[in-house]
Amino acid sequence: MVQSLRMRFRMRDSLATVLAALALAAEPVASQVRDETPRIKEYVDDTLQPLTAAEIQQATAVLQRDDRAHALLVSDQRVRTVFIERREDDKDVDTGQPRADRRRADVVLYNYDTDETISAVVTLGPGPRVEHLAVTPGQPAALGSQEVEEARQLALADPTVQAGLRAAGLLGRESEFIITGLRFQPAVLDEPCSTHRCVVLFFNTRDSVLGIEPIVDLTTREVQVR
Amino acid sequence: MIAISLRLVTETRSLIQAATLALILFMATIAPSAAQSACNTISFAAGTQWTLCWELRLREGLVIHRADYRDKAGVSRRVLYRGSIAEVHVPYHSGSPRFLDVTSSTSGLGSNALDLDPSECHGVLVSRKVCREMHDRGYAWKFSSFFQRGEEVTYWISSQLGQYNYIISWTFRDDGSIRPEAGLTGRLQVVKGGPAYAPFGGRVNPESASPPTFGINHMHNIYWRLDLDIAGASNDAVNRITQAVHTGTSPDAGVNCAIVRTCHINLHTVLAVESIERLVPFKTWHQIDKGTLNADGRSIGYEIIPEGNQLWTGPSSEPWAAGELYVTSYNGCELFAVNNNNPGLNPGCGSAAPHVQAMVNAQPINGADVVLWYNAHFLHHIRDEDQLNMLAHHMGLELHPRNWRHINTLQ
């Protein structure tokens, strides 16, 4: 029962980050923008095309099939996607072009339960495979957009943050304030955030800095307002 | 009974594991992907042309790929294979924080690129986040009543990194010059109260107020990684030009350099191996292609023109902050000035050099494929104009064609 509740809680949390990520994923491609400047012509370089949704899906499917990755991911653990991005090929110095005409993906995940970063290079297209897989203890991975969004949602649900927003007349009026964030890495090494993944958020309106600066410990999911 | 319970538990666990994996992979399939790219041929009124591609990458932001310049005579050559920002290092005077905005303190310049409103782009929004503008840039040259006005094309994004907003731009001019630039604006990131902060910052509340509040002074150290492939990737060389007072003889009759001390010569040093370069004494650098000569027999190249830097070096714990120009040989795993071998940033490159200083390891560069890393500094000494919002400060460098032709590139 406890496990079931914990699972539901985690799935609900994950859903929030998934929805946030959806908003970021819907990007128009440049070719959809009409170029009204006659002296500027568009052309396509296939080697630079960002990963398509199908390629991202293939990268994750290949990772799923990889025995080593499977062992790392199949468990009731809180894993977040840090980023998935097209991997650039090395330059062929003789031709001045990318060395190979191939599609690859860099995939970085962070496991909050084991405090490990999982990074992979996945070859896409025909004969896809996990070319490289590394598991690194600690939090070397930079923040991912999903994590920043998760921090934002945790802060907005925090009673002290809500009290601050209420005092400013902004509680429940999210469209009227702006939240910015940075990774919080304290100078004092015995603070939890020196070993956890933490984000400090700054609340603003168009005309002012509100002075609400919650530090969100994503590892413990706790919010501290200073 | 026990066996049935165990089987049930095992099956339930398998279901939970399968559900979790499905969730992780579902999240992965729709992971944030702000990546975009496009390529353009830009033809200027002067008859010159740039051909280039841009890409929005999550960490480095706006990256330029394979920029070729065609001069007025119609000769087209590769200039830049890849240009990017390799780090934004912002150490505060009170000792902390010391942000590394590209590699660890944020999710990156591209991840944090804002959607732009059409009203803020005086050109074409080539994506929701990238603006392209054609500008008249004033005189390209003028003599007496004769003149030619110049044009340029600029690609830019706006990245919100905490309270700061970085306007990252790449400008390509009709004369072949390139300007990578960062505009710093937004709101003050670190504001502290109490008289103890007085030596470290600038007062931001009224002098009569108590306690005093200070915006903490800080540096912006921006690293541009410039993989110049002038007329091809290989056979590059970098020439360091140092201006020195000349006390020897002068070719001009009546000038005694030893007495007047107004004579200067430029000392040319072709760098043999990878190098960390300082801006002082007065220097500039030429990257040339050793195999391509202009009509007058001189090697073609580009000059790296530094801009009014406040010189700064970091402590021993920040060894990457040791110079203004790092000259390295090409390595596809060397993309970031700091945290370069972090597997959570640069997968598959765990054995690469950790930072740009470590990339300088005596490999020969004379005749190699050279990569330049330019570190521009700006001391942000807090002023009242930083409130609210902070007036933008622009910093960068210039890359000018040098001996590209035997005459002006626009003629």
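Averaged over peptide A:54-62, the number of partner chain Cβ atoms lying within 10 Å of each residue's Cβ comes to 3.
Between residue B:75 and residue B:411, how many nm apart are label points set 7 Å from Cα along the C-beta direction? It is 1.5 nm. Given their separation in residues at 0.36 nm each and the Cα-Cα distance between them, residue B:139 and residue B:185 gain 13.7 nm when the chain is fully extended. Normalised size of the protein assembly as shown, defined as Cα radius of gyration per 2.2 N^0.38 Å with N residues, equals 1.04. Each principal axis of the Cα cloud of chain B was evaluated for its coordinate range; sorted largest first, these ranges are 110, 60, 48 Å.
Please report the buried accessible area for the interface of A with B, total over both chains, probe 1.4 Å, in Å² to the nearest 100.
7000 Å²
In this label model, residue B:255 and residue B:392 are separated by 4.2 nm, measuring between points 7 Å along each Cα→Cβ vector. In this structure, the amide hydrogen of residue B:161, modeled 1.01 Å from its nitrogen in the peptide plane, lies closer than 5 angstrom to those of B:166, counting only residues at least 5 positions away or on a different chain. Structural size metrics of segment B:303-411, computed from C-alpha coordinates, are Rg and Dmax of 17.9, 51 Å. Among the listed pairs B:129/B:192; B:72/B:142; B:142/B:290, those whose Cα-Cα separation exceeds 28 Å are B:129/B:192; B:142/B:290.
Stretching the chain fully between residue A:188 and residue A:160 yields a gain of 7.7 nm (0.36 nm per residue, less the alpha carbon separation). Can you give the FRET efficiency to the nearest 0.05 for residue B:385 and residue B:310, using r as the Cβ-Cβ distance and R₀ = 25 Å? That gives a FRET efficiency of 0.90. Considering only B:229, B:386, B:117, the Gaussian network model of chain B with Cα springs below 10 Å gives its largest mean-square fluctuation to B:117. Only protein atoms count toward the accessible area here, which uses a 1.4 Å probe; on chain B, the carbon and sulfur part of that area reaches 56 percent. At a Förster distance of 22 Å, what's the computed FRET efficiency of residue A:175 paired with residue B:122, Cβ-Cβ distance as r, to 0.05? Computed FRET efficiency for residue A:175 and residue B:122 comes out at 0.25. Of the residues B:299, B:313, B:410, the one whose Cα sits farthest towards the positive end of the charge dipole of the protein assembly as shown is B:313 (charges of +1 on Lys and Arg Cβ, -1 on Asp and Glu Cβ, taken about the Cα centre).
The values are calculated or read from the model by the stated rules, or taken from the named source; none is laboratory data. Just so you know, these numbers come straight off a predicted model, no measurement behind them. For neighbour counting, all protein chains shown are included, and Cβ atoms are generated from backbone atoms with ideal geometry for every residue, glycine included. We work out accessible area using only protein heavy atoms, side chains counted, and drop any ligands, DNA or RNA first. Shrake-Rupley method; radii C 1.70, N 1.55, O 1.52, S 1.80 Å.
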